[in-house]
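Below is one structure, written out as structure tokens, with a few remarks after it.
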Ligand SMILES: CC(C)(COP(=O)(O)OP(=O)(O)OC[C@H]1O[C@@H](n2cnc3c(N)ncnc32)[C@H](O)[C@@H]1OP(=O)(O)O)[C@@H](O)C(=O)NCCC(=O)NCCS
């Protein structure tokens, strides 16, 4: 990436920017998985509600949204939460890189940051990815995640999909890295 990336934890002031990128990424990535009516309709409002609830109400000791920025512009983000299925460790949720900036290391940087955030708080890290999201599965395989579970899920627009759980049993896989 030509401009250096910076990392920080997001707050209330970031609700709109995170919701905008989240909705834009869903519109592109989940086309054909979620209904067009949802993606072309209320997806931004639905994501904005989610981020408003989270960033106004979160216990910041147990949850974070990690933002990767390039010259102050949001390049990607990921949520990390300790209380969602904690038997699997910390949950990485909603990892999204700006569609115009993918393949330049932003996703790797955010996963490494999530691993560092988790150290000392939970022993492992996990996430859910749709079976139909082959590109993200390829990325998580590259990040050395282990696919450990497959289950049905009803998503925000009522569609039934299959999701896979990826697990990192050892956080060092994410934190001990030269890149
Ligand atoms: C999946 C996603 C987060 C990856 O982020 P990214 O910034 O594009 O990925 P990076 O550039 O950090 O890639 C890191 C490594 O993974 C590899 N990689 C990336 N996508 C890959 C793919 N589809 N298959 C195999 N390897 C892949 C890269 O080649 C790179 O390896 P390298 O450093 O040896 O070249 C991003 O593409 C994205 O936001 N996708 C849309 C939203 C989404 O699906 N999110 C996941 C929801 S569960």
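Once the Cβ-Cβ distance between residue 49 and residue 144 is put in as r, and R0 is 35 Å, what FRET efficiency do you end up with, to the nearest 0.05? List each step's numbers first, then the result.
Values: r = 34 Å, r/R0 = 0.98.
The pair residue 49/residue 144 has a calculated efficiency of 0.55.
Between region 5-62 and region 114-179, how many Å separate their Cα centres?
If you average the Cα positions of each part, the centres end up 18 Å apart.
Which residue fluctuates most in the GNM of the chain (Cα springs below 10 Å): 66, 50, 125?
For the chain, modelled as a Gaussian network with Cα springs under 10 Å, the answer is 50.
For the chain, set up a GNM with springs between Cα atoms under 10 Å and report which of 103, 72, 115 has the largest fluctuation.
Result: 72 has the largest fluctuation of those listed.
Treating the Cα atoms of region 90-154 as identical point scatterers in vacuum, please give the log10 of the normalised Debye intensity I(q)/I(0) at q = 0.16, 0.18, 0.21 Å⁻¹, two decimals.
Log10 of I(q)/I(0), two decimals: -0.58, -0.73, -0.98.
Picking from 77, 139, 44, which is most flexible by a Gaussian network model of the chain using Cα springs under 10 Å?
So, out of 77, 139, 44, the one fluctuating most is 139.
Antiparallel as a % of all DSSP beta bridges within the chain, to the nearest 5? Intermediate values should be presented prior to the final figure.
Values: 32 of 35 bridges.
Counting DSSP beta bridges with both partners in the chain, the antiparallel share is about 90 percent.
By its C-alpha gyration tensor, with a ≥ b ≥ c as the square roots of the eigenvalues, how is region 1-76 shaped: rounded for a/c under 1.5, else prolate for a/b larger than b/c, else oblate? It would help to have the intermediate numbers written out before the result.
Numbers: a/c = 2.48, a/b = 1.28, b/c = 1.93.
Oblate.
Spin-label point model (7 Å from Cα, Cβ direction): what's the residue 83 to residue 35 distance in nm?
Spacing of the two 7 Å Cα→Cβ label points: 3.2 nm.
With no solvent and one point per C-alpha, what does the Debye sum give as log10 I(q)/I(0) for the chain at q = 0.16, 0.18 Å⁻¹?
For the chain, the Cα-only Debye profile gives -1.02, -1.34.
Laboratory data are not the source of any read-out in this text; all were calculated from the coordinates shown. The shown structure was predicted, so the numbers you read here are calculated from the model rather than taken from an experiment. Using ideal geometry, Cβ is built from the backbone for each residue, glycine included, and neighbour counts are taken over all protein chains shown.
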